[in-house]
Each structure stands twice: as C-alpha cells, then as structure tokens.
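Shown next, in structure tokens, is the structure this report addresses.
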Amino acid sequence: MKRILHPRESVTEEPNFLRRPIGENEWKEIQKSLKNYVNSSSPEHILLMKEVSLSIASNIHELDKFMDLLCAKTCYLCSDICCHARGVFYNEVDLLFLTVYGDFYPPSQTRSSQDQKFCSYWESTKGCLLPRVSRPYVCTWFICGDQVAVLESLFDAKTHRYLNALYNTIRHGRLILASFCTEFYSKNI
C-alpha cells in the first residue's frame, strides 16, 4: 500500500523570507545551508523530501505541454510580460525542492537588486531560459487572463479537471516541503 503524505506540521502557506533580491554571496550561503540541512536530516525525512520532490517534478513536466501551448499563443502578443514583474522570486520551497530534486540549482535569485529591471533568466527573443521545473513556482501556476481565455476555448471540462488535479497535487507537495522549511529556519536563523 502506498503511503499517504501529510505535512509534519500544519502548514497552509509557503514561507516568503527569500522573495526579495539577493546578492551572490548570500545566495551561495543559502544554497550551502540548504544542502547541509537536507544532508543532516533523518533518512526518513530525506526519503519523504525526495518522494515529494519527484512527484512535484513529474507533475510540472506533465503541465509543460499545456503551458507551452498557452505561452506560444499569448506571450508574443503581451504588453505586460509577467517575467518583468518585480515580485517574481524564488522562495524557500522552490529552493528546497531544487536542492532535493538535484537536477538544477539556480546560480542566482531572479534579481540581485531592486534596480534590476528584468528577471535574470529572461531573454527578449526567447522568453525564459530555464526549463519550467527549474523556475520559481509562481512562473508555473500564474495564468494570465489571455491564457485563461485560450485554455477555456481549447480544452474541455475533463482536461480542466485534469489540470486542476495536477496543480492541486503540486500544491500539496509544496506544503509538505514548506513544513521542512519551517524546521530549516528554526535551525538556521
């Protein structure tokens, strides 16, 4: 029988201490601290974090084809590109997920200063340079009004339910990881 995963603490929101510009030295220190935290966790907690991270990654990969289609139909026409939003940052759950998943750890926060106009990973002719699984989660769950219209016109109710289930599964996994972030902060700050 497959285990049902539950957060270890009652966590209903993700932490946001890191949702801000961060310079290179602090960024490297955060990465080092997260790696140390994961490596010093109990084998059971490491296994749980890995299972949850693999589930999150699998669901994000499943969303790729839908998101790529929505972006292809809307982003090139957009005058208010969400990648330029000054509030788009990696948060603690993003970084714990990427540390545990182990496929990629971003070399920097999306911005290193308040003065930086665009996300570090955005290029005008290509859009985001990162695979979706490596982006801040806000870049996966945010769907603008134009994309909602495309989504509603192209997909039936069954597909909408499927996409909602993917997002809900990702959200549940991220709340489990958020419970570890609470413990990480209590030990490291």
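The values are calculated or read from the model by the stated rules, or taken from the named source; none is laboratory data. Values in this document were obtained by computation on a predicted structure and should not be read as measured data. Heads up, the Cβs are rebuilt from the backbone with ideal geometry, glycines too, and the neighbour counts pull from every protein chain shown. SASA here: full protein model, heavy atoms, side chains in, ligands and nucleic acids out. Shrake-Rupley method; radii C 1.70, N 1.55, O 1.52, S 1.80 Å.
Listing for the model above:
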| quantity | calculated |
| --- | --- |
| Potential lengthening between Tyr162 and Leu77 on full extension [0.36 nm per residue; Cα-Cα distance subtracted] | 27.9 nm |
| Choice from Ala157, Ala85, Ala149 showing the highest fluctuation, given a GNM over the chain with Cα pairs closer than 10 Å | Ala157 |
| Dipole of the chain, positive direction: furthest Cα of Thr99, Gln114, Ser41, with charges on the beta-carbon | Ser41 |
| At R0 = 41 Å, FRET efficiency that the Cβ-Cβ distance of Leu47 and Asp146 yields, to 0.05 | 0.50 |
| By accessible area with a 1.4 Å probe, ligands and nucleic acids excluded, highest first: order of Phe66, Phe17 | Phe17, Phe66 |
| The chain, accessible surface, carbon-and-sulfur percent (1.4 angstrom probe) | 55 percent |
| Value of relative contact order over segment 85-189, rounded to a whole percent, pairs C-alpha under 8 Å and six or more apart | 31 percent |
| Per-residue SASA entry for Ser53, accessible area with 1.4 Å probe, Å² rounded to 10 | 0 Å² |
| For the chain: accessible area per residue (Å², 1.4 Å) | 57 Å² |
| The chain - charge dipole about Cα centre, Lys and Arg +1 at Cβ, Asp and Glu -1, debye rounded to 20 | 180 debye |
| J(HN,Hα) series, segment 111-118, from Karplus relation 6.51 cos²θ - 1.76 cosθ + 1.60, nearest Hz, glycine and proline x | 9, 9, 8, 5, 7, 5, 6, 10 |
| Integer Hz, Karplus 6.51/-1.76/1.60 couplings in order for segment 32-37, x for Gly and Pro | 4, 5, 5, 4, 4, 4 |
| Relative contact order %, the chain, counting alpha carbon pairs below 8 Å whose residues are six or more apart | 41 percent |
